[in-house]
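Below is one structure; the comments refer to it alone.
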Amino acid sequence: MSIDPPFQETCNALFKGPFVRAEDEKFVVVEECELPLIDMKCLTLGQKEREKCIKKMAEAASEWGFFQVVNHGISQELSLGNPDATCLRQFSWSEALHISLADISRMDGYKTTLRSTIEAFAGTAATLAQSLAETLAQNLGVKSNYFGEYCTPNTSYLRMNRYPPCPFFSDQVCGLMPHTDSDFLTIIYQDQTGGLQLKKQGRWLTVRPNPQSVIINIGDLFQVLSNNVFRSMEHRVLAPKQVERFSVAYFYCPSYDAVIQCYGKPAMYRKFSFREYKQQIQKDVQATGDKVGVSRFLL
């Protein structure tokens, strides 16, 4: 059987039985959920509507760590695995292209239309991300120019994902392994195939696709910034069985020198730089195979 991408050639050991995992480790049918929906237009309809919108957004960021937005300004037209895996649990049935926003202008080897499309998406997503971040942070005591100072266009990046059909063991393989995002927030534009799941109160929930919205999820840095008011929730993507899935994610990140600290008392985390956080993640992954995350910085 031909496999696309050719994972069997590069990860042959994983495809030599036994394949079966313990029953409690297999993916089971989970409840489908509808994420809280935020209409960005409400932020421009007067003070009362704006306050209601901000409250709804903050509640979603606190309770879910995820929400979706409409009237976001991103046009629908715009819109290999883990080589170190030692078992199926660590194997991601997907391929991705990571692009630093600083590198888009140097994409001379690509067709002009592709580069202009990526630039258009990134520019719109950057504006949306800053607006969302400033709106969520305005009641936390964060200085008004914080995101404008630390999150310049060149500090964020895009990840374009392709999840090919998984012909077998799809109940044992993730398209993207469970994780939290190491940023302030992430903007996700996905197709209608579905497969994104988030973990809420110990239960995995499948996010129902909405063609009119983009998904927003809170990252680790906003959890620290909000002193645990907002939550960076664990999430994953299931490997599709029959139809390939596509998505693009915009990761809203600060510069490496940005200072991340709690706004709220008593502070639950010590101050740290984004550089220190990324370095700690690399150390933990090399030592344990997994990301430990913000718990490393608890006081």
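Among residues of region 13-50 being more than 22 Å from residue 127 (Cβ to Cβ) and of a type in the set (Lys, Arg), the one that is modelled with the highest pLDDT is 48. Counting only residues that are more than 21 Å from the chain's Cα centre (by Cα) and over 25 Å from residue 92 (Cα atoms), region 262-296 holds 11 of them. The residues listed here are 207, 243, 229; of these, the one that is among the β-branched types (Val, Ile, Thr), modelled with pLDDT of 90 or more and surrounded by fewer than 20 Cβ atoms within 10 Å (Cβ to Cβ) is 229. Once region 157-190 is narrowed to residues that are more than 12 Å from the chain's Cα centre (by Cα) and hydroxyl-bearing (Ser, Thr, Tyr), the residue that is modelled with the highest pLDDT is 163. Mind checking which residues of region 229-261 are farther than 28 Å from residue 119 by Cβ, over 18 Å from the mean Cα position of the chain (by Cα) and assigned to a loop (DSSP other than H, G, I, E, B)? Selection gives 229, 240, 241, 242, 243, 261.
Remark: pairs (first residue in region 143-168, of a type in the set (D, E, K, R); second residue in a loop (DSSP other than H, G, I, E, B) and at pLDDT below 85; Cβ separation under 7 Å; 6+ apart in sequence or on different chains) = 162/94. Give me a count of the residues in region 224-257 that are touching a Cys at 6+ places or on another chain (Cβ under 8 Å) and aliphatic (A, V, I, L, M). So the answer is 5. Among the conditions (1) at pLDDT 90 or above; (2) more than 24 Å from residue 246 (Cβ to Cβ); (3) in a loop (DSSP other than H, G, I, E, B), the only one that residue 143 does not satisfy is (1).
The values are calculated or read from the model by the stated rules, or taken from the named source; none is laboratory data. Everything numeric in this text was worked out from a predicted model, so none of it was measured. So basically every Cβ, Gly included, is an ideal-geometry build from the backbone, and we count neighbours across all protein chains shown.
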